[in-house]
Amino acid sequence: MSAEAQLLKSNKPIPQENLWEKLKVNGELIAALGSGVLILLGWLFDKSGSGTTSVILYMLAFVIGGFAKAKEGIEDTIKNKELNVEMLMIMAAVGSAIIGYWTEGAILIFIFAMSGALETYTMNKSHKEISSLMEIQPEEALRITDYGEEHVHVSELTVGDHILIKPGERVPSDGEIMKGRTTLDEAAITGESVPVSKSNHDEVFAGTVNLNGSITVRITKPSNETLFHKIIELVQSAQSEKSPSQLFIERFEGQYVKIVLAVVFVMMFLPHYLLEWSWTESFYRAMILLVVASPCALVASIMPASLSAISNGARHGILFKGGVHLEQLSAIKAIAFDKTGTLTKGKPEVTDLIVQDGLTDEEVLLATASIESHSNHPLANAIVKYAKGKLSLPLIHPDSIEDVTGWGVKAVIDHEEWKIGKASFVGNEMAEAFANGAAKKFASEGKTIVFVQKGKELAAMIALKDMVREEAKLAIDQLKDQGVYTIMLTGDSEKTAQAIAADSHVRDHIAECLPENKVDHLKELKKKYGNVAMVGDGINDAPALATANVGISMGEGTDVALETADIVLMKNDLSRISEAICLSQRMNRIIKQNVIFSIGVIILLILSNFLQMLDLPFGVIGHEGSTILVILNSLRLLR
């Protein structure tokens, strides 16, 4: 049953979008279109000889189309104590009306309002991903208490509370399954389209959908600290933070507007005396200059592009914490990778099993897994998992077990003593000689070796390795093709580091790195390559993530790594890094196109005006048309 069906069944009201909110969101577009209709009517009345009626209609078009921009311009001027583009446009429109060019002034307002509506559409489009995320966040949870069940608001849940989640419902907060088995749709959080099976002690995330089983979940995080909430905060932060280019344009805008106003003022008088233009012609050319010299297109060159790119990244599981990081990513020349949990899966897997002649694989695996099932060590868990996939028999209970700290484990099964552990625990000489010295070969491949002894004889050797992610190899190859230098920084031994580096295809590696060593190595890389990124997922990676020009965290990383990083890969897919670099390059390319085009149009229109080749209607169309084209060009980044 779907979440919507569950909502109907529980008789809870389904939230409806408020009509007023719709009007509010589309208000600018409605006003712009309304002013366009009034302009058309005004032009028709003017042609029919009804001048007074046409002027009234044009005035209405001024008010309806220009209200939003005039309000924005006045508020920003008061707040920043500096004139802006909006004020220039209002002045130009009013100036046109003063000298009798009502139609041109009204058209200026109309096109300016349309470009503003288009820019608002871009911003609304960029907010779509965050809005859709917030809409799927449950507001209520069914809490289990000593007195029964009660519906509570999600904000009232505390760590340790137990909640019941039925089929079709969304998980209200991060937690751990205490009872039940189910399948969860985690697409909203991880982007993974295939549902994931979950059972006791598995982690569940807020916003995911419980598909087919009732589960009891113990809350592990407050509602404002869930992964879901962090995603929302990351996107909101990214949308509000401005890139260096945008900040430069905004600083430039204030100075440029002052210069334009000064030149316009001079042009009202100087051509009359120097070039013998009439007062009407001088004022008319000054108004055209006020229109065409306004940096509307230049101002709109960056923000829509940045918002569109951030939106595109969020839709594909790449969360940028701000436009500055997105802009900087295209300049990255080298990327350093952590090993465990980043290049590798972070969990060891059994790769080889060699059993002594006279014993069977099943016999050794049954005894080994039965003993290791009593341990929580990652190597023990990997051996048990491997054995369960190979065995047809259930595990048995040893007669006795003794944990020998730092060495291994000792147990008795059917009056026979078994030892499982490192080489020195079973005897170095016997371990080195086993299987013609296979231990040395496995060690050179970066594998961890566990020896199994039965009685006085060495029974088996099990090799394990933290396997490299398949997508990591593809990601590294893609980065190499883009000319990015790749290096792995790890705390593992040289042999292990060398083997993982070869498997993952990174160009270089540095082994036995402590967190502070990683920072030092990153500083060296920055000196050599300039812009350097760091990819990690653990607490020990946080200093390096902060040191790098761009820090990239895996979505399953620790809270500290997520907070420190500039970019988060929600799908834990390293190939997204190459996509992010391509997106950054596309964005910077489009921004350059916008800037060059808008400056070129301004220069062309100003020269045409001074040569008296440009009339106000064409000035309006050229200037505002260039603004619309710049925004439309930016919208290509949404694809």
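Structure data summary
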item: Count of residues meeting criterion [closer than 15 Å to residue 168 by Cα and modelled with pLDDT of 85 or more] in segment 199-208; result: 1
item: In segment 353-386, residue surrounded by the fewest Cβ atoms within 10 Å (Cβ to Cβ) [restricted to those that are part of a loop (DSSP other than H, G, I, E, B) and under 44 Å from the mean Cα position of the chain (by Cα)]; result: 376
item: Counted residues, segment 387-405 - those being closer than 20 Å to residue 376 by Cβ, more than 46 Å from the chain's Cα centre (by Cα) and part of a loop (DSSP other than H, G, I, E, B); result: 3
item: Positions within segment 390-403 being farther than 20 Å from residue 361 by Cα and out of contact with any Lys or Arg (no Cβ under 6 Å at 6 or more places or on another chain), in sequence order; result: 399, 400, 401, 403
item: Contacts under 6 angstrom Cβ, first residue in segment 439-452 being in contact (Cβ under 8 Å) with a residue 60 or more places away in the chain and within 17 Å of residue 382 (Cα to Cα), partner of a type outside the set (A, V, I, L, M) and part of a strand (DSSP E or B), 6 or more apart; result: 447/465
item: Meets criteria (of a type in the set (A, V, I, L, M) and at pLDDT 70 or above) for residue 39; result: yes
item: So residue 346, is it in contact (Cβ under 8 Å) with a residue 60 or more places away in the chain and either of a type in the set (A, V, I, L, M) or part of a helix (DSSP H, G or I) (or both); result: no
item: Among (1) out of contact with any helix residue (DSSP H, G or I) (no Cβ under 6 Å at 6 or more places or on another chain); (2) at pLDDT below 75; (3) among the polar types (S, T, N, Q), the one test that residue 280 misses; result: (2)
item: Checking residue 434 against (1) within 24 Å of residue 360 (Cα to Cα); (2) in contact with an Asp or Glu (Cβ under 8 Å, 6 or more places away or on another chain); (3) surrounded by 19 or more Cβ atoms within 10 Å (Cβ to Cβ); (4) not acidic (Asp, Glu), the condition it does not meet; result: (2)
item: Selected residue (criterion: nearest to residue 566 (Cα to Cα)) from residues of segment 319-351 that are surrounded by fewer than 24 Cβ atoms within 10 Å (Cβ to Cβ) and among the hydrophobic types (A, V, I, L, M, F, W, C); result: 324
item: Subset tally (residues that are hydrophobic (A, V, I, L, M, F, W, C), within 51 Å of the chain's Cα centre (by Cα) and exposed (fewer than 15 other Cβ atoms within 10 Å of the Cβ)) for segment 253-284; result: 4
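The values are calculated or read from the model by the stated rules, or taken from the named source; none is laboratory data. Predicted model, so just to flag it, every value in this text is computed and none were measured. For neighbour counting, all protein chains shown are included, and Cβ atoms are generated from backbone atoms with ideal geometry for every residue, glycine included.
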